[in-house]
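The values are calculated or read from the model by the stated rules, or taken from the named source; none is laboratory data. These figures come from a predicted structure and were not determined experimentally. Cβ sites come from the backbone with ideal geometry, for glycine too, and all protein chains shown count toward neighbours.
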Amino acid sequence: MPLNPVLARVTARIASRSAGTRGAYLERLARARRDGTARGRVSCTNLAHAMAASPAADKLAIREQRAPNLAIVSAYNDMLSAHQPLEHFPAVIKRAAREAGATAQFAGGVPAMCDGVTQGQIGMEMSLWSRDVIAQATAIALSHNVFDAALMLGVCDKIVPGLLIGSLAFGHLPTVFVPAGPMTSGLGNEEKAKVRQLFAQGKVGRAELLEAEMAAYHGPGTCTFYGTANSNQMLMEVMGLHLPGAAFVNPGTPLRDALTAAAAQRAAQITALGSDYRPIGEIVDERAIANAIVGLLATGGSTNHTLHLVAIARAAGIAIDWSDFAELSAAVPLLTRIYPNGQADVNHFHAAGGMALLIRELLDAGLLHEDVKTVVGDGLRAYAQEPWLDEGRLAWRAPPPDSLDHGVLRRAGDPFQPDGGMRLLQGNLGRAVFKASAVKPEHRAVTAPARVFEDQAEMIKAFKAGELDRDVVVVVRHQGPRANGMPELHQLTPSLAVLQDKGFKVALVTDGRMSGASGKVPAAIHVTPEALQGGLLARLRDGDVVRVDAEAGVLEAMVDAGELAAREPAPFDAERSAWGLGRELFATHRAHATGAEQGGASWVG
């Protein structure tokens, strides 16, 4: 199938826009490869330090410098269910590396915070910065420069983007991403959402809510809804950075362990010491970034990646913006319905045909670049296969010829909707992202008086007082990267959903983020420029009529331009986010952050 012309056009535009920065990045990569790892030229003292604690056989291999030495960088902690299984991965990797004639060392750990724990708490104001800290920690782990390849162990929201950004700073190293897989299915998403709405209305208590949440989030592995964490895993497959089919295999299974071991062995095979050198900086090119956007759109993935993919691309010298997402969205059909875009979870998606079927369908429709480099070979077609154990041996096979559940996963010729459902809204309030795939068509356009809040706690208080029982556009401002780190505002969803279910026309407008799990309420998010950086959100007042229209791509305050310009911006209380729970340590991040459409990054300001 020839390449879709929209995909071809957008990719060419990205390449042209990025020519200078990408060229400079590849030159740095080539220079780093020419310099090689430091083992061959460091002093004996340096080398002795690097292997002092290694087993005797590993010391000999590292000393001889003929066998690859693999770095393990892990986000393990046992509070995050998705990362708890990573505790045992280094032992599996080291054993597999030795079987492949290589060595592996645990190079460093990176922080891993859980957005699920910090939702609605002030700790969420450090969530976005954790991505940049993880990238920096990854760079420190690899800075010893005694490694020939790397394995990145991480799963959740900011963690995989951070690991990838850090890896791209060492783009000359082959790098394989190693996931842990989703937890087994628990309480259904529909039941969970229903209990949350009942709690928001005061119809059930905290005990009932906690019971429902614990039934949903109940064991090791990734949360099973299709939020940012599972969007991360989809992206690593579509970008060719996992082994094929590794994303959604449950932890603690023989297949999961086999994939982890195979990842280590593959990393050992693709170093500069051999004949199949595959540095990550060459794999993550313009085509891989375009493929990532397509995968996000085809699956109705997390809106957080309208920030993270921009930052990841920039780390590889590639410039993308929301216009690229919007143009591709118009051409990419929605092929999955996974919560919050449906009621199924990722285990259901995986059983219905999963990533192998999805990638096959997109390739056959000309909606993915097939001619890309991946960690397993040249061409993305290898990812249209699923892993299995053939008498205990890891192997790959074709997915089912058709989806086993058309309510969850469909073929490209019979999509849930003809477009990817991610819209770019523009108007006098700025540019914003709108995830239409989760919103019913009748709710995608709202024009109503605004009610303006400075944080989500104020909005929830007004909701409980009955002040929002009407058609309303809820505006929550001063939530951007420079104001307070751009926290997710997922706590707003149940209350707004209640208003919508009462029959009111309701929408959200914010310069903050919504969770990757946010769904049915229309929301113009990531508004750029943010209120603190000259955005007109700072000049809105209660009662101003605001239009949020995903079908027309419009976000505007229906207020005379002269009147808006004459208003004084609303004051910002910087002390709210200046200190507490360590936020004082991130003042520099806030001060230098780029806008949301530039990735919300503190390292490219």
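Structure notes:
- Within region 43-92, tally of residues that are exposed (fewer than 13 other Cβ atoms within 10 Å of the Cβ), under 29 Å from the mean Cα position of the chain (by Cα) and of a type in the set (Gly, Ala, Ser): 1
- Residue 230 meets all of the listed conditions (1) surrounded by fewer than 19 Cβ atoms within 10 Å (Cβ to Cβ); (2) among the polar types (S, T, N, Q); (3) within 25 Å of residue 88 (Cα to Cα) but one, namely (1).
- Whether a residue is acidic (Asp, Glu), part of a helix (DSSP H, G or I) and modelled with pLDDT of 95 or more was assessed, and residue 568 does not pass this test.
- Lone unmet requirement of (1) more than 19 Å from the chain's Cα centre (by Cα); (2) assigned to a helix (DSSP H, G or I); (3) not aliphatic (A, V, I, L, M) for residue 106: (2)
- Pick from region 66-92, criterion assigned to a loop (DSSP other than H, G, I, E, B) and not aliphatic (A, V, I, L, M), ranking: modelled with the highest pLDDT: 76
- Test result for residue 542, over 25 Å from the mean Cα position of the chain (by Cα) and without any contact (Cβ under 8 Å) to a residue 12 or more places away in the chain: no
- Subset of region 484-528 that is polar (S, T, N, Q) and within 17 Å of the chain's Cα centre (by Cα) - its residue that is modelled with the lowest pLDDT: 518
- Flag for residue 24 being of a type outside the set (S, T, N, Q) and buried (at least 21 other Cβ atoms within 10 Å of the Cβ): no
- If only residues of region 128-166 that are hydroxyl-bearing (Ser, Thr, Tyr) and in contact (Cβ under 8 Å) with a residue 12 or more places away in the chain are counted, the one that is nearest to residue 514 (Cα to Cα) is 130.
- Subset of region 437-448 that is of a type in the set (A, V, I, L, M) and assigned to a strand (DSSP E or B) - its residue that is surrounded by the fewest Cβ atoms within 10 Å (Cβ to Cβ): 445
- Any hit, region 389-399, residues being farther than 19 Å from residue 7 by Cα, more than 20 Å from the chain's Cα centre (by Cα), modelled with pLDDT under 95 and part of a loop (DSSP other than H, G, I, E, B): yes
- Condition check for residue 434: closer than 30 Å to residue 546 by Cα, outside any strand (DSSP E or B) and in contact (Cβ under 8 Å) with a residue 12 or more places away in the chain: no
- Residue within region 9-25 that is in contact with a helix residue (DSSP H, G or I) (Cβ under 7 Å, 6 or more places away or on another chain), in a helix (DSSP H, G or I) and basic (Lys, Arg) present: no
- Among residues of region 38-63 that are assigned to a helix (DSSP H, G or I), none has a Cβ under 8 angstrom from a residue that is exposed (fewer than 10 other Cβ atoms within 10 Å of the Cβ) at a sequence gap of 6+ or on a separate chain.
Residues checked against (1) closer than 30 Å to residue 477 by Cα; (2) of a type outside the set (Lys, Arg); (3) buried (at least 19 other Cβ atoms within 10 Å of the Cβ):
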position: 344; (1), (2), (3): no, yes, yes
position: 407; (1), (2), (3): no, yes, no
position: 430; (1), (2), (3): yes, yes, yes
position: 433; (1), (2), (3): yes, yes, yes
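- Filter result for residue 208 (farther than 19 Å from residue 117 by Cβ, buried (at least 17 other Cβ atoms within 10 Å of the Cβ) and among the charged types (D, E, K, R)): no
- Within region 66-111, tally of residues that are under 12 Å from residue 150 (Cα atoms) and among the polar types (S, T, N, Q): 4
- Looking at 34, 95, just one residue is surrounded by fewer than 18 Cβ atoms within 10 Å (Cβ to Cβ), modelled with pLDDT under 95 and assigned to a helix (DSSP H, G or I), and that residue is 34.
- Among the residues here, residue 237 qualifies as acidic (Asp, Glu) and either in contact with a Cys (Cβ under 8 Å, 6 or more places away or on another chain) or assigned by TED's automatic domain parsing to the domain that holds residue 357 (or both).
- Pairs, first touching a residue at least 12 places away in the same chain (Cβ under 8 Å) and within 15 Å of residue 493 (Cα to Cα) in region 185-212, second of a type in the set (Ser, Thr, Tyr) and not in a helix (DSSP H, G or I), C-beta under 6 Å, six or more apart: 189/339
- Selected residue [touching a helix residue (DSSP H, G or I) at 6+ places or on another chain (Cβ under 9 Å), modelled with pLDDT of 95 or more, charged (D, E, K, R) and assigned to a helix (DSSP H, G or I)] from 584, 597: 597
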